[in-house]
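Working notes, beginning with the structure itself.
The numbers here are math on the coordinates, done by the rules we state, and not lab data. These numbers were taken from a predicted model, which means no experiment stands behind them. Neighbour counts run over all protein chains shown; Cβ positions are idealised from the backbone, glycine included.
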């Protein structure tokens, strides 16, 4: 059970053929009315402990990134219970979990999404079974982007660095499209399919190549949208003793996106890459259902992947420049691993 993180979504998925859909829907209806008992909590204790022990360096970096970006806001809460909370009835006991279910699993907080099933069947089920109580849950507290840094030493020789600025709210479709194109320009761009990857270096990659001097590093985009705020930037992994100039170069690449107009050819490559990735990703019915449910919960409606791609095609160089300027206005940094040589925000 996660902490009271803002807009946590619990997803129940059933895989069945069309003839068994009514049975599957009935089963899902029963699942959303759990009677949580003390022994249920006891049974998951070990699993929670294992999850905590097996967090990757990337997991820790991104948890700390939310702490740096949102500080004491609800989005700064960890996804996993802290070790001292496991088994404590005052923190994550069965009574608290039952209270959480009763306060959140309301009709206004629930979306019923079907893929490859007749819409009228879903409506009939919703009308006949009404297993979710009427009403709305408590509204989430605002969690504004504040910026800052969180640094945590960890084992190994690598440093894991994530640097982001304020991004787009998930409910703002155009802003999400702009941020997604910007993220492509921060990370690798090029053609990605299940069978080939002929990526081209991004603007941030180019500045990093010069600083790295043929030494290895990993750079990828950070593109996160919560319901009413987002994060956009980069995630960098390299040898800790050499990381200082890499971080400064990567941040300089972000500033170039804010200060200069991006070449139209690069923008077009980023758009086409994003379109291909979007349409390929949602070949999966499961991912499509999850995406549609997330959209409905965040903004009350859902757009298709094709509609999103159409919005992407309307993004301009000026849109990207404005989003990059917003990104660079205030930064958040998360550093994990061998971070002795990792610069502080006031050094970059």
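When the chain is treated as a GNM with alpha-carbon contacts under 10 Å, the residue of 262, 247, 44 showing the greatest mean-square fluctuation is 44. Among 291, 172, 59, which one moves the most in a GNM of the chain with springs linking Cα atoms closer than 10 Å? Top of the fluctuation ranking is 59.
Note the listed values (i) 22.0, 66; (ii) 22.6, 76; (iii) 21.1, 70, then indicate which one is Rg and Dmax of the Cα atoms in Å calculated from this particular structure. Of the labelled values, this structure produces (i).
Helix-only arithmetic for the chain: the sum of -39500 (n - 2.57) across DSSP H runs with n ≥ 4, divided by the residue total, places the mean residue ellipticity at 222 nm at -14500 deg cm²/dmol.
Helix 203-212 and the longest principal axis of the C-alpha atoms of the chain enclose an angle of approximately 60°. In segment 148-347, inverting the average of 1/r over every pair of distinct C-alpha atoms gives 17.5 Å as the Kirkwood radius.
By the count of other C-beta atoms within 10 Å, a proxy for reagent exposure, 246, 84, 125 are ordered fewest to most as 84, 125, 246.
For residue 104 and residue 128, a Förster radius of 22 Å and the Cβ-Cβ distance give a FRET efficiency of 0.40, rounded to the nearest 0.05. Relative to the longest principal axis of the Cα atoms of the chain, the long axis of helix 243-259 lies at roughly 80 degrees. Its residue count N sets the reference 2.2 N^0.38 Å, and the alpha-carbon radius of gyration of segment 290-348 equals 1.75 times that reference. Ranked for footprinting exposure by Cβ neighbours inside 10 Å, fewest first, 166, 318 give 318, 166.
Computed from Cα positions, the angle between helix 173-186 and the longest principal axis of the chain comes to roughly 40 degrees.
In segment 158-175, whose amide N lies under 20 Å from the spot 7 Å out along Cα-to-Cβ of residue 256? List them in ranges. Output list for this probe position: 162-165.
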